[in-house]
1. Starting from the exponent 0.38 and prefactor 2.2 Å, build the expected Rg for region B:1-87 from its residue count and divide its actual Cα Rg by it.
2. Nearest 10 degrees is fine. How inclined is helix B:56-65 to the longest principal axis of chain B, computing both from alpha carbons?
3. Size of the dipole of chain B about the Cα centre, Lys and Arg at +1 and Asp and Glu at -1 on the beta carbon, nothing else charged, in debye to 20?
4. Compute the relative contact order of chain A as a whole-number percentage, counting only Cα pairs closer than 8 Å that sit 6 or more residues apart in sequence.
5. Taking the Cα centroid of region A:129-150 and of region A:1-75, what is the distance between the two, rounded to the nearest whole Å?
6. Which far-off residues, 5 or more places away or on another chain, put their amide H under 5 Å from the one on A:Phe241, with H placed in the peptide plane?
7. As I understand it, the dipole of region A:14-172 uses +1 on the Cβ of Lys and Arg and -1 on the Cβ of Asp and Glu, about the Cα centre. Which of A:Ser158, A:Asn21, A:Leu63 lies farthest toward its positive end?
8. For region A:1-117, state what percent of all Cα-Cα pairs lands in each successive 5 Å bin, counting from 0 Å until the bin that includes the largest distance.
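Since every read-out is calculated from the coordinates, none of them should be taken as a lab result. These numbers were taken from a predicted model, which means no experiment stands behind them. Virtual Cβ from ideal backbone geometry, glycine too; neighbours counted across all protein chains shown.
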Amino acid sequence: LQLRSTEDYNYANYHTLNEINSFIDMLVQENPGFVSKIVIGKSYEGRPLNVLKFSTGANRPGLWIDTGIHSREWVTQASGTWFAKKIVTDYRRDAELTDILNKYDIFLEIVTNPDGFQFTHTTNRMWRKTRKPNSGSSCIGVDPNRNWDAGFGGAGASSTPCSETYRGPSANSEPEVKAIVDFVKSHGKIKAFVSIHSYSQMLLYPYGYTQTPCKDQAELHELARKAVTALSSLYNTQYRFGSIINTIYQASGGTIDWTYNQGIKYSYTFELRDTGRYGFILPANQIIPTAQETWLALMAIMKHTKDNPY
Amino acid sequence: KETFEGHQVLRITALNEAQINLLKELSENEHLGLDFWMDPVDVSLPVDVRVPFNSLQDVRAFLGYHEIHYEIMIQDLQDLINEEQREILQSKA
């Protein structure tokens with residue numbers, strides 16, 4: 001099936017990597033001057049790391065959203081696709097989003113771990129890591145959410161290559177992580193960073209690697225409350241929120257601990273909807289409700305970032 | 001292609017810290033091949049674990065012996081994956 005337009009794309013279905021990449025190209029083609037595709041690097045297996053950029057002007061600060069760094073969390077990549085379409089649909093129609101886009105660029109990486117995602121579609125639906133071999137081990141891959149340079153190697157990550165939470169041989173050893181690190185550093189003006197996972201219904205802020213509260217904890221907590229309230233207003237989905245270490249567990253080398261330490265105050269990570277029956281095999285009919293409710297929380301975070309420049 | 005015939009996903013509800021610690025011990029038994037979808041952390045959070053068919057008896061016996069409550073969240077993971085695949089193909093058609 002050839003995708004002729006992003007109107008033809010079935011947002012209520014799961015899609016392969018090729019289909020998502022076709023969607024990305026189509027969205028860019030349909031929205032010249034507004035949407036562009038940036039390739040921030042290549043995965044271990046050589047796949048492009050595609051980031052959609054939504055921009056209405058030059059030299060804007062940026063808001064970053066990534067989905068699906070853990071490959072088996074399919075509802076996150078599917079939600080990311082829906083977000084992309086939502087942004088182009090609502091720009092100039094929704095006053096709040098338009099105001100955000102008149103001041104900030106939005107960067108959206110829909111498939112953060114393409115090798116892993118491809119692997120879940122072809123070989124092992126339950127794969128969550130990258131696909132880089134580990135020297136001296138028959139086990140493949142690194143947990144890309146333990147590979148960042150924030151408390152790297154500390155408690156809450158494994159040093160064993162066969163573990164699902166293997167941190168890797170060194171911080172940023174995974175090209176999928178390093179590409180984002182390089183992009184964030186070179187951009188220099190990312191003001192909010194939201195990394196989206198599934199599942200267990202949580203909105204979390206730093207830190208994961210230490211019990212020491214981050215200096216903006218009070219503000220991040222209140223914003224999390226506001227975002228979760230907005231999310232729940234649609235389908236009454238109940239979320240927990242708080243710091244990673246206090247809400248779930250100690251985790252070192254995590255994405256948003258690094259982004260926060262880089263000076264990105266509004267650093268959050270989501271765990272999307274959990275029906276309590278399917279885990280990572282959330283039925284496709286849950287994609288749109290999940291994306292819709294998450295979008296409300298994302299809007300709350302982006303609006304707060306816009307209204308509270310730093 | 002790796003398949004998951006007979007794998008079950010159990011949703012375990014720990015009642016106290018002692019049971020959480022027992023589940024942590026269980027997670028360290030590498031030979032069981034368990035895949036914790038949600039780790040044992042706190043009694044306020046459920047623990048979801050994918051159990052390969054060959055380890056089901058051991059895990060259930062462990063949970064039963066320690067009187068740790070669980071429900072079967074997914075009866076056969078491969079059935080659900082097959083259903084997901086059917087839905088994807090149907091939708092494309």
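1. That ratio works out to 1.10.
2. Orientation of helix B:56-65: about 30 degrees from the principal axis.
3. Rounded to the nearest 20 debye, it is 200 debye.
4. It comes to 20 percent, rounded to a whole number.
5. Region A:129-150 and region A:1-75 have Cα centres separated by 24 Å.
6. A:Leu203
7. A:Ser158
8. Histogramming region A:1-117 at 5 Å steps yields 2, 12, 23, 24, 20, 13, 5, 1, 0 percent.
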